[in-house]
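Reading through the structure tokens given below for one structure.
The values are calculated or read from the model by the stated rules, or taken from the named source; none is laboratory data. These numbers come from a predicted model, not from an experiment. Using ideal geometry, Cβ is built from the backbone for each residue, glycine included, and neighbour counts are taken over all protein chains shown.
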Amino acid sequence: MKLLLRLINFLFNLLRRNKRETLKVETNPSSTQFRTYTRHKGQHRSLRHPAVFVATAILVYGSQRGNCCSDVISIASTTKSCSTINTTEICTFNEGATLTLQPLGQDVCLSLRNQKDEPIGFISLRAKSIRHVCHQKIEFFTRDHELNSESSHRCYKAGSCQPDKCDNTKSSDIIPEFSWRASNHPGFTFCTASCQCITCDGCFFCTPSCLFYRLYARPTSSTIYTVFSCPVWELTVTAEITLQLQAGTTTHPVILRPGRTTRVNNIRLSFLGAISPQLPILT
């Protein structure tokens, strides 16, 4: 910035000095009108180039300012670890920084420096998407089906209708009177007391008969569906990290998850957490 201001000041001083020389030539009695006109024309032509140069310099300076990364608050720390092997001391320098990611599509940059505090490159990090991933808890499996029912009436002491049979029948019981299809498909079995005596399908005993019935589901397709719930949602950030070093520029896609470390070359990235923005009250 200081160099640009000095350059502009120098050009304006040069313009002022050339203007003074032109006025002297025009008022000099020993000079002819032809020589004065010729020098004034040549001087006027030479003054166009500095103005163009100044405008170009300002445009270049302004365009360089427009390519900067987003300004964020960062916290940096440096650790030094040294070990001695025989008479040789080997030291490792680790530098860490805590950055705040900007909204999607904006870059966050961090300058890389060596142990002598000399710049060796920089890193830019851009968030591409933020998602919540479900940790599934499987509840059950199902498929397309249709419900059917089947019933069987037996007189007292006939077949499965034994004393206290209806009172002791469970929903999972398989009654021999049911067909193979009803017994081998998932469903529920029930028993209820029914009519008695000769008027009840010719029953001999005047004791309540048994009415067995079963509700079952028969599949209509081979597609199996998984029904699950999401007790835990994990925040996942898909980002893009760009490394600009002396060897060149490389870009790597990364996925950041809370509590996990992602490694890119010698750089380790850890996602600390996220803050949800406050939503306006809907009216």
Name the residues in region 156-178 that are assigned to a loop (DSSP other than H, G, I, E, B), under 25 Å from G202 (Cα atoms) and out of contact with any Gly (no Cβ under 8 Å at 6 or more places or on another chain), would you?
Y156, K157, A158, G159, S160, C161, Q162, P163, D164, T169, I175, F178
Hey, does region 110-131 have a residue that's of a type outside the set (V, I, T) and more than 30 Å from L243 (Cβ to Cβ)?
no
Any idea which residue in region 271-283 is modelled with the highest pLDDT, counting only those that are in a loop (DSSP other than H, G, I, E, B) and within 26 Å of G96 (Cβ to Cβ)?
L272
Taking region 252-270 as the search range and keeping residues that are assigned to a strand (DSSP E or B) and closer than 20 Å to P119 by Cβ, which one is farthest from the chain's Cα centre (by Cα)?
I267
Got a number for residues in region 156-201 being under 30 Å from D144 (Cα atoms) and either charged (D, E, K, R) or not assigned by TED's automatic domain parsing to the domain that holds A217 (or both)?
4
Per the filter on region 207-249, residues out of contact with any strand residue (DSSP E or B) (no Cβ under 8 Å at 6 or more places or on another chain) and either closer than 30 Å to S152 by Cβ or surrounded by 11 or more Cβ atoms within 10 Å (Cβ to Cβ) (or both) are T207
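Would you pick out the residues in region 78-122 that are farther than 22 Å from I275 by Cβ, of a type in the set (G, A, S), at pLDDT below 80 and surrounded by fewer than 10 Cβ atoms within 10 Å (Cβ to Cβ)? Steps first, answer last, please.
Applying the first criterion (farther than 22 Å from I275 by Cβ) to region 78-122 yields 78-95, 111-122.
If we keep only those that are of a type in the set (G, A, S) as well, we get 81, 83, 111, 121.
Adding the requirement that they be at pLDDT below 80 leaves 81, 111.
The one that is farther than 22 Å from I275 by Cβ, of a type in the set (G, A, S), at pLDDT below 80 and surrounded by fewer than 10 Cβ atoms within 10 Å (Cβ to Cβ): S81.
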